[in-house]
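What follows is a short report on a single structure.
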Amino acid sequence: LHVDRPVLVQAPAGSRKILLLIRRFLALLAEAPIDSPDQILAITFTRAATAEMRNRILADLHKAATTTPSPDEDERIQLARRALDRAEKAGWHLLEQPNLLQIETIDSLSMRIAQSQPLAARLGGNLEPIDDATALYKEAARRTIRNLGGSNPELNDAIKHLLALRDNNLADCETLLAEMLKKRDQWEENFPLNRETDWDILRSNLEKPLRDEVSRTLTRAREIIQREPLLADDLMCIAAYAAQNRKDDALALLANATELPPASSMEHWQVISTFLLTSGKNPNWYQKFNARNGLPAGQKDSVEKEWNQRGNQLLERLRDIPGLLETLRAIRTLPKPHYDDQQWTTLRHLFNTLQQSLAELRVLFAERNQIDFIFSSAAALQVLQSEDVTAALSWADNIHHLLVDEFQDTSRRQHELITEILSHWSSN
């Protein structure tokens, strides 16, 4: 409730954080250095939460206005009394003008920002936001599929490939595309949807996170074992001996190894993990090596017995190294660092299909003079990121206090929207 500093509240679901948010709002009305109540903005994610917050604040203000103070009254009512006292001195008339309380969903906020600066938002015509754009998504998906057999061979191949993946089920493909359009704020800016795409460069860029994850995990495994050079030498020596005794070729890559493989050799490290850990969903250290591992106990052969003992001593030493078991387990689940040709062909076709579905949706928006809240959110970002700084500041300047309910639920684009508001706010 300290109104002179920012606050982050973390608490479990059901702990009624919204009641604390209401008290914060009332405290700001009572004490914050503002010229008008509309300089406080509270953002929620659902209309129900917006209505609840607004109704509770107005109810508290009404109760404070119609009851006599008592020593045991709720803290919210005490805050409401102070807010009303200040409102009366400032001439705000809160109860007569409840619209001064800015409490709204993040979707309605986006639309308000966009409509306040239509040129900066690049909004053409009289576009009406609709709560449920499902019908538009389905129609855009249907129009996308209808391009099958058209004059664009690349798009035609892409749609044919999608249908083949879904057993030529038209309805299923339309549903998948419609669902993707419904969630396009999660992927539109990150997918390659430009017809001038350099596919080779794109493939390398998309594979980079896979390569990075493989490199990170293998580098960690190598660094952990190399902390004890003699241990690393023993490991490779024993693994090479075991590889020569295995009846299958599971350890063949290690047969001639003399030192730890580089972090670039995923296959070698996977073999090491297989050599040291059991199989199954939750692999663990082998308790003891035996003939199955290429290290028979050697009851009749002193050489075999010596190698078996060295192997089991190695296991004991490895078990005591912090983090090594988890890293060897992680090696088992690493993705391949590159797409195979079939995967890449599928990705290219899906990107082309999604590109067309987005184009069809934009045409539908123009035809129907309707937009969804994802569109309005992007338009609001256009305003706040506009080169016309005046357009952004004219809106953001009036906000002095920003309250965000359920902040963990913000999407990437909603997070960017809030960040942009704060960036203009803090610069002034």
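The values are calculated or read from the model by the stated rules, or taken from the named source; none is laboratory data. Keep in mind that this is a model prediction, so the values were computed, not measured. Don't worry about glycine lacking a Cβ; one is built from the backbone with ideal geometry, like all the others, and counts go over all protein chains shown. All accessible areas refer to the heavy atoms of the entire protein, side chains included, with ligands and DNA or RNA removed. Shrake-Rupley method; radii C 1.70, N 1.55, O 1.52, S 1.80 Å.
Would you be able to tell me the number of residues in the stretch 198-214 that are touching a residue at least 60 places away in the same chain (Cβ under 8 Å) and of a type outside the set (A, V, I, L, M, F, W, C)? It would help to see each step written out before you state the result.
First pass over the stretch 198-214, keeping only residues touching a residue at least 60 places away in the same chain (Cβ under 8 Å): 199, 203, 206-207, 210-211, 213-214.
Within this subset, residues satisfying the condition of being of a type outside the set (A, V, I, L, M, F, W, C) are 203, 207, 211, 213.
Residues flagged as touching a residue at least 60 places away in the same chain (Cβ under 8 Å) and of a type outside the set (A, V, I, L, M, F, W, C) within the stretch 198-214 amount to 4.
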Checked the stretch 279-289 for anything within 15 Å of GLU326 (Cβ to Cβ) and open to solvent by less than 40 Å² (accessible area, probe 1.4 Å); matches are PRO283, TRP285
The helices (runs of 4 or more DSSP H) lying entirely within the stretch 168-250 that contain at least 2 residues which are under 26 Å from the mean Cα position of the chain (by Cα) are 170-182, 199-226
- Message: So, GLU259, is that one part of a loop (DSSP other than H, G, I, E, B) and open to solvent by 40 Å² or more (accessible area, probe 1.4 Å) or not?
- Response: yes
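Among GLU306, GLU326, which is free of Cβ contacts under 8 Å to residues at least 24 places away in the same chain and within 41 Å of the chain's Cα centre (by Cα)?
Exactly one residue qualifies, and that residue is GLU326.
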Taking first residues from the stretch 143-154 that are among the basic types (Lys, Arg) and second residues anywhere that are open to solvent by less than 60 Å² (accessible area, probe 1.4 Å), the pairs with Cβ under 6 Å that are 6 or more apart or on different chains are ARG143/GLU360
Here, helices (runs of 4 or more DSSP H) confined to the stretch 303-394 with at least 3 residues that are open to solvent by 10 Å² or more (accessible area, probe 1.4 Å) and farther than 18 Å from PRO129 by Cα are 324-332, 341-368
When restricted to ALA140, ALA87, the only residue open to solvent by less than 30 Å² (accessible area, probe 1.4 Å), modelled with pLDDT of 90 or more and under 28 Å from ILE22 (Cα atoms) is ALA87
Residue hits (the stretch 13-56; β-branched (Val, Ile, Thr) and open to solvent by 30 Å² or more (accessible area, probe 1.4 Å)) are THR46
Checking PRO118, PRO69 in turn, the sole residue that is over 30 Å from the mean Cα position of the chain (by Cα) and at pLDDT below 90 turns out to be PRO69
